[in-house]
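This report refers to the structure that appears directly beneath it.
Since every read-out is calculated from the coordinates, none of them should be taken as a lab result. Just so it is clear, the model here is predicted, and its values are computed rather than measured. All Cβ positions, even for glycine, are placed from backbone atoms using ideal geometry, and neighbour counts span all protein chains on display.
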Amino acid sequence: MNKMKQTNNYMFAGYDTVELAKKYGTPLYVLSEESIRSRCKEISTDFLGKYENSKAVYASKAFLTMTMCKIIESEGLGLDVVSGGELYTAIKAGFPMDRIMFHGNNKSYDELEMAINNEVGRIVVDHIDELYFIEEIGARMDKTVKILIRVAPGVEGHTHKYITTGQKDSKFGIPLDKVTIDEAVSKAIASKHIELMGFHFHIGSNLFENDSYVAAVKTIMNLYKRLKDDFNFVAKELNTGGGFGIYYTEKDCVKPLKYFTDAIMKAIYDCCQELDLDMPGVIIEPGRWIVGEAGITLYTVGAVKEIPGIRTYASVDGGLPDNPRPALYSAEYKAVVANKYGLKPDRLATIAGRCCETGDILIWDLEVPEIKRGDILAVLSTGAYNYSMANNYNRIPRPAVLLLSKDGEKVIVERETYEDLLRKEVVPF
Ligand SMILES: Cc1ncc(COP(=O)(O)O)c(C=O)c1O
Ligand SMILES: N[C@@H](CCCC[NH3+])C(=O)O
């Protein structure tokens, strides 16, 4: 760590990123432990501490390692997992199973068995078949399983269409029509091995407005009222999902957590008053909001190609394999030339990834100072859905993950090697 040195180098979490690139190589995912923890603390003060019976679970799909489980555990949050692999990571990290929320639109029977055997806190049922599976497994293991039912509330989040989930025409959740809901609820309440705690919705990801949350809350609270009248069923919980947007570029009009959570809580409270219902315990599930801005990715610039009168491409030593988001969702990022941080940007460069894929462009028309081979580029806000969505396209090994804190720097995931790429191969002749 070198806080005092006069340098043009970009500092992140108190560390000189150019030194980090030299020491650990590139591409390199770098995470600030303090930033992650400070987001968790904001959840504690502005949501958990403010509203009785509230819970927050971190959506681990955004970024999950055993170290992350430890951080989340120590901050008092729960964990949303969507697969046996995510659950296994949590188990291996010793994460308290009663704080796990197990999701998934197509959980396998084996995954449900694994979840029930490990006594996860809640299973979020996404399809009516799961109720039959849970009942059967619960009976066999002699356990009662607490569940929520996920519904698609028929609300569209304003975000990329690949990351909206709350609309009626969605693969997620049980359709909200009366026949289907009534079948699910009667099955759940009749079961000796299921305890229905309430419902769940998740509208979409990277949202900047609270209106769709409020609309979804109203829909579900009206459902709670109807279920109370028709089944004498009182929902104890409501899980309103995650999806709070973060800062990627100047275009993003970021709001504090409480902009979302206060609106959600007010809408629930108002509905309870109006419909004569008890306040349910409310759960939120942020992923990106906790870890997204806490991460950056460092690259080394290689080939710089100027096409006169058209554009300059600066290719880096990573791209689509460590960050598929621009190719998948046209996601936009900001970046700085880390070794020239003090210099005024006076030209444009398009940051290209190294894959054999025309669409492997990380950033179009980034404002930069002179950029050349050997420069270090820091792409910002890459903490969420970068490492977790990384792949080995073109047989490119995945980068290491470095965690920075006041106590020092720690490699929490080692860089993959070429041998790792061959590890599961079997040559039959
Ligand atoms: C069920 C569920 N909860 C929470 C999240 C977390 O989303 P985000 O990372 O946008 O907060 C997701 C992903 O969109 C999700 O599918
Ligand atoms: N992978 C998406 C987010 C998906 C959220 C999960 N439902 C992204 O990178 O933006």
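Averaging the Cα positions of each part gives two centres, and for region 393-419 and region 34-62 these lie 27 Å apart. DSSP bridge analysis restricted to region 33-289 gives an antiparallel fraction near 5%, rounded to the nearest 5. A cut-off of 5 Å between modelled amide H atoms, ignoring neighbours fewer than 5 places along the same chain, links residue 147 with 123, 195, 196, 197. Among 98, 407, the ranking by other beta carbons within 10 Å of each residue's beta carbon, starting with the fewest, stands as 407, 98. For residue 281, the residues whose modelled amide H falls within less than 5 Å of its own, excluding neighbours fewer than 5 places apart on the same chain, are 237, 238. In region 1-130, a dipole from Cβ-located charges (positive for Lys and Arg, negative for Asp and Glu) runs towards its positive end, and of 97, 24, 128 it is 24 whose Cα lies farthest in that direction. For region 179-280, chymotrypsin sites (Phe, Trp or Tyr not before Pro) are listed when DSSP marks them as loop and at most 11 other Cβ atoms sit within 10 Å of their Cβ; the list is empty. Once the Cα-Cα distance is subtracted from the 0.36 nm per residue extended length, the residue 178 to residue 66 segment shows a gain of 36.2 nm. Spacing of the modelled spin labels on residue 423 and residue 229, each 7 Å from Cα toward Cβ, amounts to 5.7 nm. In the chain, the C-alpha radius of gyration followed by the widest Cα-Cα span (Dmax) gives 23.2, 73 angstrom. Students often get this wrong, so check it: of 192/225; 251/340; 22/305; 61/92; 178/218, which have C-alpha atoms separated by over 18 Å? Table pairs above 18 Å Cα-Cα are 192/225; 251/340; 22/305. Projecting the Cα atoms of 217, 243, 196 onto the dipole axis of region 183-263, where Lys and Arg carry +1 and Asp and Glu carry -1 at the beta carbon, places 196 farthest toward the positive end. Between region 181-196 and region 214-260, the C-alpha centres lie 23 angstrom from each other. Listed from fewest to most Cβ neighbours within 10 Å, the set 396, 307 follows the order 307, 396.
What fraction of the Cα pairs in region 84-149, stated in percent, has a spacing above 18 angstrom?
Summing the P(r) of region 84-149 above 18 Å gives 26 percent of all pairs.
Per DSSP H run of n ≥ 4, the term is -39500 (n - 2.57); total these for the chain, divide by its residue number, and report the mean residue ellipticity at 222 nm rounded to 500 deg cm²/dmol.
Values: 12 runs with 127 residues, N = 429.
Dividing the helical sum by the residues of the chain leaves -9000 deg cm²/dmol.
Which links in 55/334; 107/334; 228/266 stretch past 31 Å when you go from one Cα to the other? 55/334; 107/334, as the Cα separations exceed 31 Å there. Cross-link partners for residue 23 among the aspartates and glutamates, with Cα-Cα distance under 12 Å and sequence neighbours closer than 8 places in the same chain left out: 409. When the Cα positions of 57, 421, 290 are compared along the charge dipole of the chain, 421 comes out farthest toward the positive end, with charges on each C-beta of Lys, Arg, Asp and Glu.
For a footprinting-style exposure proxy, rank 69, 272 by other Cβ within 10 Å, fewest first.
On the way: 69 23, 272 16.
Going from least to most buried by this count: 272, 69.
Quick one: dipole size for the chain, taken about the Cα centre, charges +1 on Lys/Arg Cβ and -1 on Asp/Glu Cβ, in debye to the nearest 20. Mind dumping the intermediate values first?
Numbers: 52 positive and 60 negative charges, 206 e Å.
With Lys and Arg at +1 and Asp and Glu at -1, about 1000 debye.
Seen from residue 280, the other residues with C-beta closer than 13 Å to its C-beta sum to a net charge of +1, counting Lys and Arg as +1 and Asp and Glu as -1.
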